[in-house]
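Here's the structure we're looking at; comments come further down.
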Amino acid sequence: MNRYFRYIVFAIFLVSILTIVVIQYNADTSINELIRSNESLLGELSIKKELQQLQTGIADLESKVRGVVISGNTDTAAIEKEIRVLKVTLINLRVLDNEEMIRPILSDLNRLVENKIDFNREVLQVNNSKGKRSAEDLINTKKGTALTDSIKLYTKQIDEIHQITVTKLIRDADKNGIKARTFGSIMAILASVAAMFIFGYIAYKVRQQQQMIAKLDASEKMSKEAARLKENFLANMSHEIRTPMNAILGFTNLLQYQQLDPKSMEYVQTIRKSGQNLLNIINDILDLSKIEAGMMRIESSPFSLRSVASTVERMFSKKATDKGITLSYTIDENVPDILEGDATRLTQILVNLVGNSVKFTEKGSVELRFYPKKLEGENIRLGIEVRDTGIGIEKEKLTSVFERFSQADDDVTRKYGGTGLGLAIVRDLVSLQDGTIEVTSDPGKGTRFYLAIPYKIHIDQEVHIPVASVEKQNFENFAGARILAVEDNAINQSLIRHLLKEWEIEVDISGNGLDALEKLKANKYQLVLMDIQMPGMDGYTATRKIREELKLDLPIVAMTAHALAGEREKCLERGMNAYISKPIRQDLLYEIIAGFLHVENKTEGQFEFINLDYMKQVSNGNTEYEKTVTRQFLEAVPVDLEEIHAAWAAKDIQSVRRLAHNMKTTVSVMGLNSLLQPWLDKLEYEDLSEADFNGTYLALQSACISSIEEAKLFLSSLEVIS
């Protein structure tokens with residue numbers, strides 16, 4: 001009997017194991033089906049969003065067309081953009097072709113949308129050719145309304161039929177969920193009856209399933225938390241870096257106005273330029289998401305390659321000398337000096353690479369070499385080599401050196417420091433400029449980086465690349481004015497004292513919001529400069545108490561080292577009147593104070609190229625109008641220049657004449673007619689040779705570039721005080 005019992009127990013054990021295996025398999029299958037159903041459901045729900053977006057897009061398109069007709073505006077770029085979005089939406093809806101009942105309706109919907117687009121284009125054509133009244137008559141016909149109603153009807157039909165699929169997916173998901181829970185319950189019961197030595201395994205699988213379900217439920221919360229942590233990190237890093245940068249650039253700016261010998265002035269200018277380059281780099285590091293999202297803008301303007309190389313060499317020459325290593329650069333004689341591209345990004349790339357080489361080289365040399373990797377007509381693929389005799393990189397580590405937060409070795413991190421972001425940013429910046437980068441290294445012997453970046457060769461190699469002027473600006477003083485500056489950093493307090501003393505402003509300093517409130521109770525001020533992040537009481541809280549408890553409406557200007565998107569809007573929402581980011585620019589701070597204390601800026605009338613008299617007369621003090629026409633000028637002039645050059649290259653002389661004539665109207669708002677008229681008249685009226693055109697165009701382009709820079713300064717002053 002015992003023998004048979006043992007067989008029975010063994011049989012029960014085998015059956016239990018097989019049963020558990022089967023149940024486990026079915027449970028896993030149900031969970032996988034649940035996941036697939038949820039993924040399919042998300043895809044189907046996106047179809048509903050596309051249908052809604054299609055209806056919204058049709059309504060927006062019709063509204064914008066009506067707006068063009070009513071306003072008389074001829075700029076249809078926004079309408080064409082809306083049409084492209086509609087067509088993309090139709091493309092996204094093609095996935096519904098797989099559903100037999102929807103396919104014919106979708107085909108009719110495509111046709112109706114195309115008809116609607118053609119109708120709106122017809123309205124614009126009639127508006128341009130026959131005038132506003134004819135366009136309005138066409139709009140008032142029932143054709144457009146009928147097309148819109150039909151589109152709504154067809155999208156509704158598609159949505160209703162498609163809802164059947166969505167309902168089925170929801171039903172399947174519920175069914176799989178119930179099955180998963182049921183199998184889990186059965187397995188829990190069997191686990192309590194099964195042999196003790198398999199109990200651990202069953203419990204482990206149950207926990208694994210619970211963790212899987214919990215991860216599915218918590219994934220969205222985790223992504224939101226990660227985004228919040230990233231934003232906080234960037235905000236804190238922005239503040240900590242920009243605070244000392246404010247002092248560095250601020251005092252350098254003050255120093256360059258002193259009586260200095262030529263050598264000292266050269267040092268000050270190098271510090272200032274290097275500090276500004278560092279600030280540009282900091283801005284890019286703080287906004288890494290801009291690179292990830294493909295939003296990093298690559299500018300194109302003439303620059304001197306030899307000037308860039310010399311600047312980079314001067315930045316690191318003292319550090320190299322202190323370490324006893326040689327730092328040099330060579331430029332192949334076949335490389336033109338004046339190129340067209342983004343000099344700031346090239347400088348950022350070289351600063352990272354040369355800085356790394358100097359840091360990791362204890363003896364020997366660091367060499368920077370420029371050579372023509374490929375030279376064709378007006379284009380050059382510039383080869384750049386950075387070679388050092390430093391510690392080198394192990395072969396197996398070379399593939400990871402361009403990854404973020406990655407360095408060749410933990411020992412290197414401990415000895416030399418660094419975040420591991422530099423080479424990742426270099427790789428991204430090179431890629432954004434359609435370039436390539438490679439690295440080779442021998443441990444203990446050195447490292448070599450090879451880059452190739454395409455540039456255009458500037459047409460005039462004798463062109464003068466302007467440098468920043470350090471002539472002292474003619475600021476008006478504010479004798480008798482009294483300002484309260486709320487700033488916790490001692491160095492920045494000193495900087496503010498120096499700046500305001502130069503303008504004869506009496507200034508009191510508070511180290512935090514609490515002290516500022518006490519000073520405001522005891523004294524009368526015309527303006528408050530308010531730092532945001534301070535101990536005890538921050539700037540936001542202090543501003544709220546000034547408005548709500550002290551009932552003061554004096555101007556409050558936010559001074560913050562936070563430079564993230566939305567910071568300016570946040571400050572204005574909290575009751576502040578203006579916003580200036582650190583490092584503080586002396587001219588912008590002056591503009592803000594002058595705006596609130598109603599003192600006219602003496603520098604405005606001292607622009608070398610633009611003349612604002614006509615604009616000021618027309619605007620009659622309307623700064624919104626001034627900002628609008630200035631932005632239009634900044635957008636239009638580069639386009640006009642490019643079109644004139646393209647028309648000449650195509651031998652389309654009539655277009656050159658027409659564009660030159662139209663440009664006279666564009667530049668008149670900035671008072672440039674007398675300056676540019678001789679060159680524009682030559683382009684419009686004279687029969688020019690190739691050499692004559694090149695000379696005329698280059699002179700016109702140079703004057704326009706200088707005028708654009710002055711217009712940008714003027715626009716900045718308007719935006720700061722608005």
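The values are calculated or read from the model by the stated rules, or taken from the named source; none is laboratory data. Since this is a predicted model, take the numbers as computed values, not measurements. Here Cβ is always computed from backbone atoms with ideal geometry, including for glycine, and neighbour counts include all displayed protein chains. Heavy atoms of the whole protein, side chains included, go into the accessibility calculation; ligands, DNA and RNA do not. Shrake-Rupley method; radii C 1.70, N 1.55, O 1.52, S 1.80 Å.
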Notebook entry, point to check: For segment 628-715, what is the largest minus smallest coordinate of the Cα atoms on each principal axis, given in angstrom and ordered from greatest to least?
Noted result: 37, 18, 16
Note to self: Can you give me the accessible area per residue for segment 93-168, using a 1.4 Å probe, in Å²?
What the structure shows: 59
Notebook entry, point to check: One-quarter of the Cα convex hull surface for segment 74-178, in nm²?
Noted result: 8.2
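On a 1.4 Å probe surface of the protein chains, which of Thr165, Thr543 comes out largest in accessible area, and what is the full order?
Numbers: Thr165 45, Thr543 0 Å².
Largest to smallest exposure gives the sequence Thr165, Thr543.
Pairs of alpha-carbon atoms within less than 8 angstrom and 6+ residues apart define the contacts here; what relative contact order does segment 289-374 have, in percent?
Working: 93 pairs, mean separation 34.5, N = 86.
Relative contact order of segment 289-374: 40 percent.
Hey, can you find the accessible area per residue of segment 626-722 for me, probe 1.4 Å, expressed in square angstrom? All intermediate terms of the calculation are to be shown ahead of the outcome.
On the way: 4510 Å² over 97 residues.
Result: 47 Å² per residue.
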Note to self: Quick one: 3J(HN,Hα) in Hz for segment 445-457, Karplus 6.51/-1.76/1.60 with θ = phi - 60°, rounded, Gly and Pro as x.
What the structure shows: 10, x, 9, 10, 9, 10, 10, 9, 10, x, 9, 8, 8
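Which of the GluC sites (Glu not before Pro) found in segment 69-110 are loop residues per DSSP with 12 or fewer other Cβ atoms within 10 Å of their Cβ? Each step should come with its number before you reach the end.
Details: sites: Glu80, Glu82, Glu99, Glu100; in loops: Glu99, Glu100.
Answer in residue order: Glu100.
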Check: Which value, in Å² and to the nearest 10, is the accessible area of Tyr267 when all protein chains are kept and the probe is 1.4 Å?
Finding: 120
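Among Leu138, Leu641, what's the order by accessible area (1.4 angstrom probe), most exposed first?
Values: Leu138 35, Leu641 15 Å².
The ranking, largest first, comes out as Leu138, Leu641.
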Check: Can you give the translational diffusion coefficient of segment 308-408 in µm²/s, computed by Stokes-Einstein from the Kirkwood radius over Cα pairs at 20 °C and 1.002 mPa s?
Finding: 144
Next item on the list: Just list whichever of Lys64/Lys682; Lys570/Lys712; Lys397/Lys582; Lys323/Lys374; Lys359/Lys456 have alpha carbons separated by over 29 Å in the model shown.
Entry: Lys64/Lys682; Lys397/Lys582; Lys323/Lys374; Lys359/Lys456
